[in-house]
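Student: Starting off with a structure, shown below.
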Ligand SMILES: Nc1ncnc2c1ncn2[C@@H]1O[C@H](COP(=O)(O)OP(=O)(O)OP(=O)(O)O)[C@@H](O)[C@H]1O
Ligand SMILES: [Mg+2]
């Protein structure tokens with residue numbers, strides 16, 4: 001489990017997507033890109049009266065693929081329910097030794113502590129054990145030279 005953290009426009013999403021592309025090419029296993037917020041939206045939809053899916057099925061969507069990239073980790077409410085769901089999914093993936101990439105626009109320098117706060121102590125621990133984190137502390141690719 002690896003986390004990419006850093007400022008806007010540093011190419012974090014691009015790296016995540018390239019990791020999926022390479023993995024599909026090399027070992028032809030299913031991979032998934034998702035924004036963290038979409039996971040919570042999908043689970044919330046299970047509780048609508050006209051829901052067609054169960055929460056366990058949605059959780060399986062994120063535990064079955066070989067590699068999953070969870071982008072925009074900072075764009076979530078960090079409620080108890082969200083924290084528990086994220087921990088459950090990431091812990092299941094950890095238990096199955098599946099690679100996971102977490103991406104967030106957490107401030108460089110403060111990155112490590114804000115990441116620990118965002119994903120919680122137990123997932124942070126698993127991440128340090130199995131991968132670690134990369135601070136994307138270079139300039140944004142969106143900044144045009146001379147601008
Ligand atoms: N290595 C690279 N060389 C040149 N351009 C790049 C590179 N990586 C990404 N880009 C371009 O830079 C822009 C920003 O990339 P990307 O969206 O992946 O950044 P990000 O860190 O995810 O940004 P945000 O934090 O806003 O989500 C995109 O237009 C992308 O195509
Ligand atoms: Mg991005």
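The values are calculated or read from the model by the stated rules, or taken from the named source; none is laboratory data. Only a predicted model underlies this, so the values are computations on that prediction, with no experimental measurement involved. Positions of Cβ are backbone-derived with ideal geometry, glycine not excepted, and every protein chain shown enters the neighbour counts.
Student: Could you go through segment 81-101 and let me know if any residue there is within 16 Å of ligand 2 (Cβ to nearest atom) and at pLDDT 95 or above.
Tutor: Yes, some residue in segment 81-101 is within 16 Å of ligand 2 (Cβ to nearest atom) and at pLDDT 95 or above.
Student: Give all pairs with beta carbons closer than 6 Å in which a residue from segment 75-102 that is in contact (Cβ under 8 Å) with a residue 40 or more places away in the chain meets a residue that is buried (at least 17 other Cβ atoms within 10 Å of the Cβ) and assigned to a loop (DSSP other than H, G, I, E, B); count only pairs at least 6 apart in sequence or on separate chains.
Tutor: Pairs found: 82/76; 100/1; 102/73.
Student: If you don't mind, another one. In segment 2-20, is there at least one residue being free of Cβ contacts under 8 Å to residues at least 60 places away in the same chain, crowded, with 16+ Cβ neighbours inside 10 Å and more than 8 Å from ligand 1 (Cβ to nearest atom)?
Tutor: Looking through segment 2-20, at least one residue is free of Cβ contacts under 8 Å to residues at least 60 places away in the same chain, crowded, with 16+ Cβ neighbours inside 10 Å and more than 8 Å from ligand 1 (Cβ to nearest atom).
Student: Select from segment 35-57 the residues that are within 14 Å of ligand 2 (Cβ to nearest atom) and more than 23 Å from residue 129 (Cβ to Cβ) and write down the one among them that is surrounded by the fewest Cβ atoms within 10 Å (Cβ to Cβ).
Tutor: 38
Student: Could you list all residues from segment 65-74 that are more than 16 Å from ligand 2 (Cβ to nearest atom) and touching a residue at least 40 places away in the same chain (Cβ under 8 Å)?
Tutor: Residues satisfying the conditions are 66, 67.
Student: Filter segment 105-123 down to the residues that are surrounded by fewer than 22 Cβ atoms within 10 Å (Cβ to Cβ), modelled with pLDDT under 90 and more than 14 Å from the chain's Cα centre (by Cα) and list them by number.
Tutor: The answer is 107, 108, 109, 110, 112, 113, 114, 117.
Student: Next question, about the same structure. Hey, any hits in segment 111-119 for a residue that's under 29 Å from residue 58 (Cβ atoms), away from ligand 1 (no atom under 16 Å from the Cβ) and in contact with a strand residue (DSSP E or B) (Cβ under 8 Å, 6 or more places away or on another chain)?
Tutor: yes
Student: Quick one: which helices (runs of 4 or more DSSP H) sit completely within segment 27-129 and have at least 3 residues that are within 18 Å of residue 4 (Cβ to Cβ)?
Tutor: 36-45, 80-95, 111-119
Student: Now a separate question. Of all residues in segment 1-26, how many are within 14 Å of ligand 2 (Cβ to nearest atom) and part of a loop (DSSP other than H, G, I, E, B)?
Tutor: 5
Student: What's the number of the condition residue 75 fails, among (1) away from ligand 1 (no atom under 13 Å from the Cβ); (2) exposed (fewer than 15 other Cβ atoms within 10 Å of the Cβ); (3) within 19 Å of residue 119 (Cα to Cα)?
Tutor: (1)
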